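Each remark here refers to the structure printed beneath this line.
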Amino acid sequence: MFLETNRKYLKKTLLAIFCALVISFLILGLLIQNSDSLNYKKSEYQRFFSEFNSEENLILIIGSSHVGQLNTELINERVSAVFPGYKVLNLAISGDSPNNRVNMMDEIIRLKPKMVVYGISYRDFDIDSQYFLPDPKWIFDDFLLFVFKESRQLGVITKIDPNGLTRDIIRNISPESEVREKESEQITFEDTPFYTFVNKQFRIANDSEIREDAETDLKIEGRNRISVQFHPLFLNREITDFKSIINRLQENEIRTIVFTTPLHRYYLEHIPVETHEDFLNILREINVLFRIEIFDMTEKYDNEKIWMDMDHIAHNRQANQYSEDIANIIIMGLK
Amino acid sequence: MTIIIIKHRRFQHIFLLGASYFFFYYTSNYLITLLIFTTIWDFYFGKMIFNAKTSKQKKICLIISLAGNLGLLGYFKYVDFAIVQFNIFGQYFDLGYNIPLLHLALPIAISFYTFHSITYTVSIYRNQIMPTKTLTEYAIFVAFFPQLVAGPILRAKEFLPQLRDKITAGKDSLKMIIIDNSNLKFGVTMMIFGFLKKMFFSDNISPFVNSIFENPIGADSFSIILATIGFGVQIYCDFSGYSDIAIGAALILGFRIPINFNKPYFASSPSDFWRRWHISLSSWLRDYLYIPLGGNKKSHLRTYVNLGTVMFLGGLWHGASWNFIIWGLLHGGYLVIHRFVKDKFPAISKIEFFESKIGKVISIIIMQYFVFLAWIPFRIHDFNYMIYSMQKYVFFDFEISGIGHLISINKFPIGLIGIFFILQIIVFLKPELLKRVSELELKKWTIFLITAMSMLILFYVGPEDFIYFKF
């Protein structure tokens, strides 16, 4: 196929294309290595783990934003009332998944927690691909993660966002940047150090707002069902990494409890039956394989007025029953 | 050994077909069976049409072939839409019966490869081409990977001869696929421009457009107009970007496929717009629908009906949804009105003012006002949102208090929209930019590549599907 009329020029052209590719990726590499926001986050995480030296018995809660919304202060009150000297830390990260969390396991094990409580949901195992072969849409992302795996240490990022980084740099040139405005509105709690709150997360939305949120979400995607893809289960790296996390915790004799995070009925109504079945099968397999307790809270509050949107309970006093239940699970586990 | 095998021409064709099927399987999984079915179906019906002894037999074979193609397209793409309409109709007449939806997966590219196949059988029927000698050749034509999922729509009579071009001397009559330096440079340049359109412009403008059109109720006219312009730029960059990538990739392999866009936002009339936008579809509709319906050779009224019908079906081709039908009918309406004015008042088109520069600029602005108005139903599926947005677009509300805030939080996408139009004007005034760039000396061309690739990588927002993948 490669019979060319002018081999010399063709070789030079191919070399030029190769050089352009290498140089442009090098530029991205330099950007990632010197990114203020990533380095800031990474150094924050490093500082937390290196400086954390609690005398107390530690209980860690891990998971995504579904877990981040918990009222950890209340959980701490409830747990320490029954077990004085115990401290609960919520290490939730927004957008976290097992594939991301697995990078943080060395640090988590070094903290020697008495118990790890892991909140999971459908989307933790979503591989966003319905095919046996890797989805071509994600090849670029996977390539970036492979090349710049240094940046994934400590689970700082779930995905490299070159556009976000580039625009951060451009914005930082301007003193009145919208990023800084947004940053000033963010709140972080001491017992939930990796998760930031904005005003919206404290507010309980009314039914029509949640329905609108659900409809908008479905409309954007142009479909009428929530698309969560687990298949093929044996190639699903999220499941593999989840098992690896549980395995490492058990190897280090750390008590592990899993719970499924609650979802609003609008979310549940749009989850395909086959996805629900697959999720239950994943949980059953983990239950049998590791003999760990799994608390199913998916539908527990599906009709309550405690939601921020269709998959997040508000961080609000009136929505404390979610945190109360998690506190009870921890207390039961410690007993 | 590998090189010897690869140099074998017959293997090249198998390799090309294998690559195309692998690409399709990669994105569509089991739905590749439909592509294979269409290929086999039309390959054999092509032979039957050619070998038929009477014109009646030819016609019957063609009708069966078309029924197979359109039946498959109709079933997979339109059956749920038809059921919904039937159920609504049933409720209206209180029939008390609801047909359940089938929830079929929409096969990627089915609209495109169905139209490819139709050009083959129809061209044989019209004695424009001979059937291909082998199934492999025909399968390559249907599944040729650069353009498979979103066009340009290939014509059998243009593409098939390329598979048999005798570029180099040899006893084998199959084409030797040659990577030629100038084709490689031009092809890569074209692909880079395509990627820039898609990944730099379209994907970065898309979040701004979505933020307005997700729920436009309450938005002021300025926001709606800006988002509409943004969507016009987004869809042009998205679709013409894909076409550029497809044409460039094909050119690298030595195949020439037709251009699909020719500066559509400089069109000065509805017919001019359709000579510049999605050219392969509009010319397909003209040759395989408009002309067979009688075109403009019958009465004025028949011409208007034909135009309306073609644009209605053109809209429906884009998707089984009323918003695409409204989009098609709007464009049909523009074409009919334009034609009516030309027929009834021929003196208007001869007014000198319209030949002057300022006259042309005004014609372009007026035409684009209507083109962008039609993008609203194309983008918004919800009927209430669509009507609200169209009202705000047409009747400006002079609500300007939020303009500063809107611009301040969307500086980047709005800036990109501005840059896009400036570049369009430059390209319009200095044509052949692409050729000039591809002919740059190697050092300068490498700098161009590095700059363009860096822009692509540094402003990469994540994997966003091409809009036309849905069609």
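Things to note:
- Calculated FRET efficiency for the pair residue B:412/residue B:444, C-beta based, R₀ 30 Å, to 0.05: 0.60
- Taken along the Cα-to-beta-carbon direction at a fixed 7 Å, the label points for residue B:424 and residue A:73 span 5.4 nm.
- Cβ crowding within 10 Å, taken as a proxy for footprinting-reagent exposure, orders B:70, B:458 from fewest neighbours to most as B:70, B:458.
- For B:300, B:318, the sequence from fewest to most other C-beta atoms within 10 Å is B:300, B:318.
- For the stretch B:294-421, Kirkwood radius (reciprocal of mean inverse C-alpha pair distance, Å): 17.4 Å
- Paramagnetic reach from residue A:318 in the stretch A:73-107 [backbone N under 20 Å; point 7 Å along Cα→Cβ]: A:74
- Kirkwood's formula applied to the C-alpha pairs of chain B gives a hydrodynamic radius of 24.5 angstrom.
- Inter-site label distance for residue B:397 and residue B:451 at 7 Å from Cα along Cβ, in nm: 4.2 nm
- Calculated FRET efficiency, residue B:33 to residue A:9, Cβ-Cβ distance, R0 = 51 Å: about 0.75 to the nearest 0.05.
- Estimated vicinal HN-Hα couplings, Hz - the stretch B:277-286 in sequence order (Karplus 6.51, -1.76, 1.60; Gly, Pro = x): 9, 6, 4, 5, 6, 5, 6, 4, 4, 5
- Cleavage-rule hits, GluC sites (Glu not before Pro), the stretch B:366-471, DSSP coil, Cβ neighbours within 10 Å at most 10: B:432, B:441
- Antiparallel DSSP beta bridges within the protein assembly as shown, percent to nearest 5: 20 percent
- Sorted from longest to shortest, the spans of the Cα atoms of the stretch B:2-165 along the three principal axes equal 69, 43, 21 Å.
- Inter-label distance for residue B:366 and residue B:55, nm, one decimal - labels placed 7 Å from Cα along Cα-to-Cβ: 4.5 nm
- If you look at the Cα atoms of the protein assembly as shown, you get an Rg and a Dmax of 29.8, 96 Å.
- Estimated FRET transfer efficiency when R0 is 30 angstrom, pair residue A:191-residue A:248 (beta carbons, to 0.05): 0.80
- Residues of the stretch B:193-235 with amide N under 14 Å of the 7 Å Cα→Cβ point at residue A:27: B:196, B:200
- Take each residue of peptide B:18-30, count the partner chain Cβ atoms within 10 Å of its Cβ, and average: the result is 2.
- The phi torsions of the stretch B:414-428, fed into the Karplus equation with coefficients 6.51, -1.76 and 1.60 and a -60° offset, translate into couplings of 5, x, 5, 4, x, 4, 4, 5, 4, 4, 4, 5, 4, 5, 5 Hz, rounded to whole numbers, with Gly and Pro shown as x.
Coordinate-derived values only; no laboratory data. What you see is a predicted model, and the numbers here were worked out from it, not measured in a lab. Using ideal geometry, Cβ is built from the backbone for each residue, glycine included, and neighbour counts are taken over all protein chains shown.
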